[in-house]
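Working notes, beginning with the structure itself.
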Amino acid sequence: MSRDDTMLPGRRRFLVATVTAGAGLTLGMCLGGCSREDKESAQAGPGKTGNRIISDAAFEPNAFVRITPDDRVTVIVKHLEMGQGTYTGIATLVAEELDAGWSQVDVEGAPADAARYNNLFWGKLQGTGGSTAIANSYEQMRKAGAAARAMLVAAAAKQWRVPPEEITVRDGVLRHAAKGIQASFGELAELAAQQPVPEDVFLKEPGEFRLIGTRVARKDSRAKVDGTAVFTQDMKLPGMLTALVAHPPRFGARVRSFDAVAARAVAGVHDVVEIPSGVAVLGKDFWSASKGRDALQVDWDESAAFMSGSDELMAQYQALADKPGKVARSEGDVSAALGSAAKTLRTSIAFPYLAHAALEPMNCVMQRSEGGVEIWNGEQYQTPDQNAVAKVFGIGPEKVKINMLYAGGSFGRRANPASDYVLETAHIVKAIGGKAPVKLVWTREDDMRAGYYRPMYYHRLEAGLDADGNPVAWQHRIVGQSIIADTAFEGALVKDGVDVTSVEGAANMPYAIPNIHVDLHSPQVPVPVQWWRSVGSTHTAFAVETFIDRLAAAAGRDPLALRRALLQDHPRHLGVMELAAENAGWGTPMAAGRGRGIAVHESFNTYVAQVAEVTVHDNKRFTVDRVVIAVDCGVAVNPDVIRAQMEGGMGFGLSAALSSALTLDAGRVVQSNFHDYLVVRLDQMPRVEVHIVKSAQPPTGVGEPATPVIAPAVANALSNATGQHFDHLPLTLSA
Amino acid sequence: MIELTINGTVQQLDVDPDIPLLWAIRDVVGLTGTKYGCGIAQCGACTVHLDGQSVRACVTPVSAVAGKSITTIEGLDTIVGTTVQETWEKLDVVQCGYCQSGQIMSAVALLSKNPQPSDEDINAAMAGNICRCHTYVRIRAAVKEASQALHPGRSQS
């Protein structure tokens, strides 16, 4: 079922116990009371806010809600809070249908257990990504809240000897108006726990929402402004050792031998062990492990190492682009249409590798427990990580307990299909025989150089206009590594040789052009690659949206007017585009040296348009002054979180547009830290306005969709100011 | 043994004299609000106050601050400090939150010296603190609002 097909449920009945949701999966609630083990594991996850007293009188109607006699409502969130606001969003959904007061709601991270906490869009897999958290949880979490509410009402009805229909609930208090009696959630918790789990629940009509659609305070703000929020980097267990790993200088190199004498002589160093990904030095703290690693001598076997540089790779990609690739979309006859076009245009664009560079470098805490393993991590990918770690220790995946902590950013990096840094931690724990808890810490340099980048890409586009300036042909060829090849998702996401994530945003580009051909080359290169915030759209949106502006210029048409003409069958694209354009004052004159550009793009079923204004200060230098963003993400669950994701997601894309690039020189990663891997800082951040389209469509994600739109908007603004066109990112003006 | 004062408490630290202040604070004293982000004074996540001045703890050897007074995010108790924290919370500036201790320490240092900073002053004081969630729009707004809250009725420059 496509997500667009889902209709708002309104006050429809939902069977609680066997309800199907999302992709047709059974909701895994432990209805009618969880086992003791479930209760204990449900308390896991130090990514929690506030203090709770867990008593036997706690009311736990399902795997997502716990109400205690102290009137606290704890929402157990199955998704990772990495900044995108999911702890706030998921709690809003539950609290809405529960009619809880926002201030009585606490949040904690769910344990790893795909039977209860799977992502409903991902089958039996627990994890966070693809801007799915709110979208897949929208019904599930509201039902969880509604079921809890129904049991509280049943308890009150029994105690007060009144019909349940006469009871109202608001802000955590149940009332019977005629009798003038009331009781809080906490007072009724024990009795509610004894009520039968309802067979069906009612959900509110959107017009009845009290929390959804309003600004509520983030649940994680206080802990993140007073320094008490616990990230993986902050974990400390008794006897814990800190591990730093000497990684190979090139991808594919291996340890030939190492000399640990000097490393072991460093005060505080406990152990030096070889693991598949390098040599780990374990110390009593970071500094001792760091000095130990500095003293370590490793002889690397580079016979199988990748020795190319970015320039050589790009030359190979350009040569590949001369040949047809695997077809991702083909309509009409592009060759014939190009041949008969009144005017043709060509362009090519080179995109560099990009590091995620989350501010918290990758890290993981792990220890052997009785019969199993326990992990503390900014955990984005519970099920694959459980499976990978279980294999290392020869245990069942259910024996791998994961405590989900706050992640200091991720942008996709912590959901690694190879479980790379988690697996590295497991190998260290195994190598020391499980004798101590281990905290793996990557330095910034490790994080920058250990791989798993947004791939380098080369795009080539050709288009034709008829005599009236209407686009009649569009040919788009993409060359770049597949992020899906050799992962568990290859079967699902590589279709007829086409990695759909490499062409998303290009193969489904929305403009009405009669002849379209999109194809793909996925060369195999041993540089580890991975999804990066907004995935394929990070490059396809730039190619499509800048080339459309080229066509508009060649046809002598306004870029907004041309888009409008070609998007008549795409009302949601049109909606955000018009909203952004109107608020940006599209068409009003700009001063000399200034420019305005627009781009519109859908990703993850969310529609975003951005209008950027730039000032060109001299031939080579420019600033981005203002960005107006319009977004259509269906029902706006948390408008302020949406605004924050539009601001920040746009900024993340702006870093890649203006300055970030990771390059290889003879197989070595050139950049190492923030002095040479450049990102946007406060003084480069434009003024930002966000406008949200009012919508009754089911909510879609907002973590990623703002990211890919800014680079083409800025490039188009620079073209508007200078007449120049851009064949690479990051953007540079020529003299 | 190195003696220094952290958040008003005198600490006697039995550490390697070249250990950076950051790791002494985090791994030895056990205060984890101050973060590691780069280790080379490029990101600002480790910002603390040394006798009221902003410093990058990741490149400050602990021996260089012997006898001095350090304030971390856990010890912000001045009116400027708590006002900045409250404003950050009011505007929901944070996303992942990892950089925000450092952002707040830089903002407090700025507003303590310069109660009504201009946009240029804010740029200069805050550009050393990277936020990969790019919360800069709200950081800028929160610095201005905290300035207003601390000096009501006075116009922004």
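Restricting region A:223-246 to residues that are outside any loop (DSSP other than H, G, I, E, B) and within 17 Å of A:T86 (Cβ to Cβ), the residue that is nearest to the other protein chains (Cβ to nearest Cβ) is A:K224. Number of residues in region A:135-189 that are on the phi > 0 side of the Ramachandran plot and touching a residue at least 40 places away in the same chain (Cβ under 8 Å) equals 2.
Going residue by residue through region A:685-692, is there one that turns out to be touching a helix residue (DSSP H, G or I) at 6+ places or on another chain (Cβ under 8 Å), surrounded by 24 or more Cβ atoms within 10 Å (Cβ to Cβ) and more than 10 Å from chain B (Cβ to nearest Cβ)? Taking every residue of region A:685-692 in turn, none turns out to be touching a helix residue (DSSP H, G or I) at 6+ places or on another chain (Cβ under 8 Å), surrounded by 24 or more Cβ atoms within 10 Å (Cβ to Cβ) and more than 10 Å from chain B (Cβ to nearest Cβ). Restricting A:R72, A:R175, A:R142, A:R170 to residues that are outside the structural domain of A:Q530 (by TED's automatic domain parsing), basic (K, R) and under 17 Å from A:V637 (Cβ atoms) narrows the list to A:R142.
Quick one: would you say B:I70 is at pLDDT 95 or above and surrounded by fewer than 24 Cβ atoms within 10 Å (Cβ to Cβ)? For B:I70, the condition - at pLDDT 95 or above and surrounded by fewer than 24 Cβ atoms within 10 Å (Cβ to Cβ) - is not met. Please verify whether region A:383-404 includes one or more residues that are within 28 Å of A:G651 (Cα to Cα), touching a helix residue (DSSP H, G or I) at 6+ places or on another chain (Cβ under 7 Å) and not assigned by TED's automatic domain parsing to the domain that holds A:V472. Scanning region A:383-404 turns up no residue that is within 28 Å of A:G651 (Cα to Cα), touching a helix residue (DSSP H, G or I) at 6+ places or on another chain (Cβ under 7 Å) and not assigned by TED's automatic domain parsing to the domain that holds A:V472.
Here region A:345-377 is the region considered, the condition is being within 14 Å of chain B (Cβ to nearest Cβ) and over 16 Å from A:G412 (Cα atoms), and the residue that is surrounded by the most Cβ atoms within 10 Å (Cβ to Cβ) is A:W376. Mind checking which residues of region A:249-267 are surrounded by fewer than 19 Cβ atoms within 10 Å (Cβ to Cβ) and either assigned to a helix (DSSP H, G or I) or of a type outside the set (K, R) (or both)? Those that are surrounded by fewer than 19 Cβ atoms within 10 Å (Cβ to Cβ) and either assigned to a helix (DSSP H, G or I) or of a type outside the set (K, R) (or both): A:P249, A:G252, A:V255, A:S257, A:F258, A:D259, A:V261, A:A262, A:R264, A:A265, A:A267.
Among the residues examined, B:Y98 qualifies as within 26 Å of A:R449 (Cβ to Cβ), outside the structural domain of B:V10 (by TED's automatic domain parsing) and at pLDDT 95 or above. Taking (1) basic (K, R); (2) touching an Asp or Glu at 6+ places or on another chain (Cβ under 9 Å); (3) surrounded by fewer than 18 Cβ atoms within 10 Å (Cβ to Cβ) in turn, A:R572 satisfies each apart from (3). Suppose the filter is among the basic types (K, R) and at pLDDT below 95; does B:R132 pass it? So B:R132 does not fit the description; no. Take the residues of region B:24-37 that are over 22 Å from B:M126 (Cβ atoms) and either without any contact (Cβ under 8 Å) to a residue 24 or more places away in the chain or among the acidic types (D, E) (or both): which is farthest from the other protein chains (Cβ to nearest Cβ)? The residue in question is B:V29.
Looking across region B:12-45 at every residue that is over 15 Å from the mean Cα position of the chain (by Cα) and more than 21 Å from A:M240 (Cβ to Cβ), the one that is surrounded by the most Cβ atoms within 10 Å (Cβ to Cβ) is identified as B:C38.
Residues of region A:702-717 that are touching a strand residue (DSSP E or B) at 6+ places or on another chain (Cβ under 6 Å) and either of a type in the set (G, A, S) or surrounded by fewer than 23 Cβ atoms within 10 Å (Cβ to Cβ) (or both): A:A706, A:A713, A:A717.
Yes or no: region A:654-673 includes at least one residue that is without any contact (Cβ under 8 Å) to a residue 40 or more places away in the chain, assigned by TED's automatic domain parsing to the domain that holds A:P708, among the small types (G, A, S) and out of contact with any helix residue (DSSP H, G or I) (no Cβ under 6 Å at 6 or more places or on another chain). For region A:654-673, residues without any contact (Cβ under 8 Å) to a residue 40 or more places away in the chain, assigned by TED's automatic domain parsing to the domain that holds A:P708, among the small types (G, A, S) and out of contact with any helix residue (DSSP H, G or I) (no Cβ under 6 Å at 6 or more places or on another chain): present.
Filtered by the rule that a residue be in a helix (DSSP H, G or I) and within 10 Å of chain B (Cβ to nearest Cβ), region A:199-222 gives A:S221, A:R222. Being more than 8 Å from chain A (Cβ to nearest Cβ) and either surrounded by fewer than 18 Cβ atoms within 10 Å (Cβ to Cβ) or closer than 26 Å to A:T707 by Cα (or both) is a property that B:Q116 has. The residue pairs whose first member lies in region A:499-515 and is within 10 Å of A:V535 (Cβ to Cβ), whose second member is of a type in the set (S, T, N, Q) and surrounded by 20 or more Cβ atoms within 10 Å (Cβ to Cβ), and whose beta carbons are closer than 7 Å, counting only pairs six or more residues apart or on different chains, are A:S502/A:S482; A:S502/A:S522; A:E504/A:S537; A:E504/A:T540; A:G505/A:S537; A:G505/A:T540; A:G505/A:S603. For region B:1-23, a residue qualifies if it is assigned to a helix (DSSP H, G or I) and under 24 Å from B:T78 (Cα atoms), and the qualifying residues are B:L21, B:L22.
The values are calculated or read from the model by the stated rules, or taken from the named source; none is laboratory data. Everything numeric in this text was worked out from a predicted model, so none of it was measured. When we count neighbours, we look across all protein chains shown, and the Cβ atoms used for this are built from the backbone with ideal geometry, even at glycine.
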